[in-house]
Amino acid sequence: LKELSGSATPLDMLICNYVYDKVGEKKHKVMQYRSSLPVDQMFTWDDVGHIFKGHYILMHSVIFRTKLLIECGLKLPEHCFYVDNIYVFDPLPYVKHMYYLDINFYYYFIGRADQSVNQQVMISRIDQQIRVNKLMVDYFTDRENAQRINAHARLREYMYNYLEIITTISSVLAILSGTEQDLKKKDDLWKYIREKDYFLYAKLKNGIFGLATRLPGKGGRALTARAYKIARHFFKFN
């Protein structure tokens, strides 16, 4: 960071690997980006390859240039969990130059019962998850932001995929809860997206995750819950 901060081309975002260090697991899962990002060199969105689902750039893997966060007007909701999703989403259209350092920099200790990303805790805070989800929809569909997002095909693809996974998480949490109240919140979220941008709604609804979270009836919701548990085991998240 000291070396790059003095260069003629300012570094906007530094990316490193992080490790899921889960309670009770002997083997820890390393989240790395070698197949998607150039290593040990400055690059732009035009140099980024396809970032596979499950390999998102999270708060654990990124360091932003402070002035960029000020320039983009980043504001996080107060007294709200899960705002880290906004932190790694809103600044991206302002990021021009990136650097990927292929080292395991951050160890993310997960699996604790009292953790904010614990499944039951997230279900109890589903209102905050959906609030963050809606703010991300607002940002993605804002006309001024859309101009910046559409400037790079890979940037738009990545931001859409990230919004898709956040919407999937919101929907799955409501399904896992199983209460009529939370299921209605899921339906209201999809209605909100449809009213904001019908084309975004249609794309999300007809994607593999959208179809999986909108299976009809109790049987469909049971299949969705089962698929989520399999994915959780495979990807080793909380």
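Quick rundown of the values:
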{"read-out": "Checklist (1) open to solvent by 40 Å² or more (accessible area, probe 1.4 Å); (2) farther than 28 Å from residue 8 by Cβ applied to residue 82, failing item", "value": "(1)"}
{"read-out": "Residue check, residue 69 outside any helix (DSSP H, G or I) and without any contact (Cβ under 8 Å) to a residue 24 or more places away in the chain", "value": "no"}
{"read-out": "Filtered residues of segment 33-57 (kept if surrounded by 17 or more Cβ atoms within 10 Å (Cβ to Cβ) and in a helix (DSSP H, G or I))", "value": "45"}
{"read-out": "Failed item, numbered, when residue 60 is tested on (1) open to solvent by less than 60 Å² (accessible area, probe 1.4 Å); (2) within 22 Å of residue 196 (Cα to Cα); (3) not hydrophobic (A, V, I, L, M, F, W, C)", "value": "(2)"}
{"read-out": "Selection within segment 15-32 - buried (at least 19 other Cβ atoms within 10 Å of the Cβ) and without any contact (Cβ under 8 Å) to a residue 40 or more places away in the chain", "value": "31"}
{"read-out": "Qualifying residue in segment 131-139 (condition: hydrophobic (A, V, I, L, M, F, W, C) and farther than 26 Å from residue 63 by Cβ)", "value": "yes"}
{"read-out": "Residue check, residue 106 open to solvent by 50 Å² or more (accessible area, probe 1.4 Å) and either touching a strand residue (DSSP E or B) at 6+ places or on another chain (Cβ under 7 Å) or closer than 25 Å to residue 66 by Cβ (or both)", "value": "yes"}
{"read-out": "Restricting segment 107-130 to residues that are out of contact with any helix residue (DSSP H, G or I) (no Cβ under 6 Å at 6 or more places or on another chain) and of a type in the set (S, T, N, Q), the residue that is modelled with the lowest pLDDT", "value": "116"}
{"read-out": "Members of segment 157-185 that are buried (at least 18 other Cβ atoms within 10 Å of the Cβ) and basic (Lys, Arg)", "value": "185"}
{"read-out": "Residues located in segment 11-31, provided they are more than 19 Å from residue 84 (Cα to Cα), in a loop (DSSP other than H, G, I, E, B) and of a type outside the set (Lys, Arg)", "value": "11, 23, 24, 25, 28"}
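The values are calculated or read from the model by the stated rules, or taken from the named source; none is laboratory data. Computed from a predicted structure; not experimentally measured. Cβ: placed from backbone, ideal geometry, glycine included. Neighbour counts: every protein chain shown. In case anyone asks, the SASA skips ligands and DNA or RNA and just uses the protein heavy atoms, side chains included. Shrake-Rupley method; radii C 1.70, N 1.55, O 1.52, S 1.80 Å.
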